[in-house]
Amino acid sequence: MLYDKIKAIYPELTDTDFWTVITLQNDSDGKGDYIAKWEHPTLPRPTDEELA
Amino acid sequence: MAISKIVQDSINGGVAGSGPAFSAFNSLTTSLPNATFTKIPFNTEVFDTNNNFASGTFTPTVAGYYQLNSGLGLGTYIASATIFSIYKNGTEFYRGIVQPNTAVSVSSVISALAYANGTDTFEIYAFQNSGTTQTTSASSTGAWFNGSLVRAA
């Protein structure tokens, strides 16, 4: 899952981060999970290569 | 001049008239990946007066103010927060957070009044961060989404 990949890159992220500064989203359209919002104050959005 | 029928377009602002109204429910469970806002499909329509609801998305074609309501739950108890949100045009618009403190299945209702310009879309998304994938409830009484025009633009 996308969440697991992001946590592997940034283990310091908290549960609260994922419903405040970060939004993972799935539109139930068969395209899977994606990062809809990344507004973490200190950690940059993971690259597509890091998430592959 | 006799008036045989008044259509929505001929009604001045402030009158709802026979605006769009819909009601749908989820007859199948929806899988919620951990920490991911997931769209709920609400695959079964009860009614859809203006054919403005499809695939879990309400796109009212009459501009105005809409009352939107949704009830949703998880099939089990989780100790972490659960969020049910109304999305407008693909972005979270209103949020309802459920933080259970007893070991019962999580469920809640979210309700909001929102303006629609005639092309805006409205959907319901759910979020949980239990650490594993959860599934939503699936029934006409436990997983539903409805809305109607309450005031024309």
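Numbers at a glance
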| quantity | calculated |
| --- | --- |
| Residues satisfying the stated conditions in the stretch A:36-52, i.e. touching a Lys or Arg at 6+ places or on another chain (Cβ under 6 Å) and part of a helix (DSSP H, G or I) | A:Leu51 |
| Check on A:Ile6, within 12 Å of another protein chain (Cβ to nearest Cβ), free of Cβ contacts under 8 Å to residues at least 40 places away in the same chain, surrounded by 16 or more Cβ atoms within 10 Å (Cβ to Cβ) and within 12 Å of the chain's Cα centre (by Cα) | no |
| Scope the stretch A:22-35; condition within 7 Å of chain B (Cβ to nearest Cβ) and out of contact with any helix residue (DSSP H, G or I) (no Cβ under 7 Å at 6 or more places or on another chain); matching residues | A:Thr23, A:Gln25, A:Asn26, A:Asp27, A:Ser28 |
| Close pairs (6 angstrom Cβ cut-off, 6 or more residues apart or separate chains): closer than 19 Å to B:Gln134 by Cβ in the stretch B:75-96, open to solvent by less than 30 Å² (accessible area, probe 1.4 Å) and part of a loop (DSSP other than H, G, I, E, B) anywhere | B:Gly75/B:Ser137; B:Ser80/B:Asn129; B:Thr82/B:Val106 |
| Condition check for B:Phe47: modelled with pLDDT of 95 or more, loosely packed, with under 14 Cβ neighbours inside 10 Å and not small (Gly, Ala, Ser) | yes |
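The values are calculated or read from the model by the stated rules, or taken from the named source; none is laboratory data. A quick note: this is a predicted structure, and the numbers were derived from the prediction, not measured. Every residue, glycine among them, receives a Cβ derived from its backbone with ideal geometry; neighbour counts consider all protein chains shown. Heavy atoms of the whole protein, side chains included, go into the accessibility calculation; ligands, DNA and RNA do not. Shrake-Rupley method; radii C 1.70, N 1.55, O 1.52, S 1.80 Å.
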